[in-house]
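As structure tokens, the structure follows; a few thoughts come after it.
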Amino acid sequence: MSTDNLLGIAEIADLAGVTKQAVSNWRMRYDDFPRPIQKLQSGPVWEREKVEVWVKSFKGEETHVLSFINLKGGVGKTTTAVAVAEILAQEERKHVLLVDLDPQTNATVNLISEDQWAGMDKDGRTIAQLFEDRLNPHNSPKFDVEKAIARRVSTINDGIARLDLLPSSIRLIDLQDRIPMIALSGNYTANPLEILRSAIQPVIDRYDYILIDCPPSLGTVTKNGLRISTGYVIPTIPDIVSTWGIYQIVDNVARFAQDIGLPIPPLGIVATKVQVNNLHARIIADLKAKRLGRFNEAGVLSQPPLFSNEIPQTVAVARGADVDADIRTFKGKYGNAYDALRGLTQEIKQLCEKKKH
Ligand SMILES: Nc1ncnc2c1ncn2[C@@H]1O[C@H](COP(=O)(O)OP(=O)(O)OP(=O)(O)O)[C@@H](O)[C@H]1O
Ligand SMILES: [Mg+2]
């Protein structure tokens, strides 16, 4: 275990934003405060992860659950969700779970090797197995959330310590159309919109952020993600076809949120794959000024704001799947887009963390 994963009392105080005396008090007062794993000459040391989880739960900090949505395919949803997850975990030291709800499994194979994925899929350790269990309530369930979570994922540094993944599977394609029927059949007890929530409930508290990579649709699987979301992000290429569906997303999510009686606010729109040309410049100007077509015409919903960091189209991101590319560093994986992705992550973090405090 590297020293990066060990904390002394002073560092715990620092992490929790309290005095060393307060940490000593916690140790005495709370039986569930983690036990030190070693006593060094300088004093006792703890495992960082255990302490971070305890402090988060002690302070009652909430878990931010964000869906990345657009009805249009290929607009950078997966790229943005994966990069924000990696940066939150590595640079902001947050505990992050990325949930891949897309049967295309792009986020999954971005974060773990195809071999690891194949093994997990074979053992039923994917989101597809979760839904399959609910479709076959007479068989004994195979999905176990603890086993389905791959830990320390990402190509960066050959794995990022606080970043976990709940993988998807192409098997979800065959299942997804049957999921809405769960409620209709007398044999099934589960509400089809509660499947993801009930499965991951036991692990939610472990994370500061859960990011959900959604398929390009607003079907039952995406709604399972929205059901647990505390907000959502809309990645879009700043062109006409990619921004066309944004009104529909905002409208649909607002109605869904109203149905379930929980707020699911849009955090903002991210301009992705931005190129230097007149069309992109014009659409970005419209998005900045909140002038996106149908929002103005309908006049009921307001357009979500544009994040100030725009993600440029870069060679590094486009060749991401290239096995020869050095994707073990942020610069290698994201090239010139890295600074904007880092800035976007900070914007998202500020929006999430300012709400309550
Ligand atoms: N900033 C970028 N520069 C260059 N290529 C990019 C950038 N962002 C994404 N891409 C590429 O564009 C393609 C689509 O991106 P991505 O998979 O993130 O979109 P998506 O919205 O998740 O797509 P889908 O709807 O199919 O899930 C991918 O090949 C990706 O590598
Ligand atoms: Mg995708």
Excluding same-chain residues fewer than 8 positions from Lys56, which lysines have a Cα within less than 21 Å of its Cα? Lys20, Lys94, Lys349, Lys354, Lys355, Lys356
Hey, what did the chain get for relative contact order, percent, Cα under 8 Å, at least 6 apart? 18
If each DSSP helix of 4+ residues adds -39,500 (n - 2.57) and the sum is divided by the residues in the chain, what number results at 222 nm, nearest 500 deg cm²/dmol? -12500 deg cm²/dmol
Net length gained if the chain between Ser42 and Asn157 were fully extended (0.36 nm per residue, minus Cα distance): 38.4 nm
Testing the spin-label approximation: label points 7 Å from Cα along Cα→Cβ at Arg319 and Glu92. State their distance in nm. 3.0
Please state the charge dipole magnitude for the chain, taken about the Cα centre, from unit charges on C-beta atoms (+1 on K and R, -1 on D and E), reported in debye and rounded to the nearest 20. 720
Which three extents, in whole angstrom, do the alpha-carbon atoms of region 61-354 cover along their principal axes, largest first? 58, 47, 36
With a Förster distance of 56 angstrom and the Cβ-Cβ distance between Arg29 and Ala254, calculated FRET efficiency to the nearest 0.05 equals 0.80
Obtain the nm distance between the two label points defined at Asn139 and Val300 by a simple spin-label model: each point lies 7 Å from its Cα along the Cα-to-C-beta direction. 4.3
Theoretical FRET efficiency, 1/(1+(r/R0)^6), r = Cβ-Cβ of Gln116 and Asp326, R0 22 Å, to 0.05: 0.65
Local electrostatic count, Asp102, Cβ distance below 12 Å [Lys/Arg +1, Asp/Glu -1]: -1
Using Cα pairs under 8 angstrom and six or more residues apart, how large is the relative contact order of region 175-305, in percent? 21
From the square roots a ≥ b ≥ c of the eigenvalues of the alpha-carbon gyration tensor of region 1-141, which class results: rounded (a/c under 1.5), prolate (a/b over b/c), or oblate? prolate
With the dipole of region 61-354 worked out from charges on the C-beta (+1 for Lys and Arg, -1 for Asp and Glu) around the Cα centre, which of Ala161, Ala257, Ile228 lies farthest toward the positive end? Ala257
Just order 53-59, 154-160 by mean Cβ neighbour count inside 10 Å, highest at the front, would you? 154-160, 53-59
Inter-probe distance in nm under a simple model that places probes 7 Å from Cα toward Cβ, at Arg282 and Lys20: 6.4
To make sure I understand the rule: partners must be lysines, Cα under 29 Å from the Cα of Lys142, and not fewer than 8 residues away in the same chain. Which ones qualify? Lys50, Lys122, Lys223
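Values in this text are rule-based calculations from the coordinates and carry no lab data. These figures come from a predicted structure and were not determined experimentally. With ideal geometry, Cβ positions are generated from the backbone for all residues, glycine too; neighbour counts draw on all protein chains shown.
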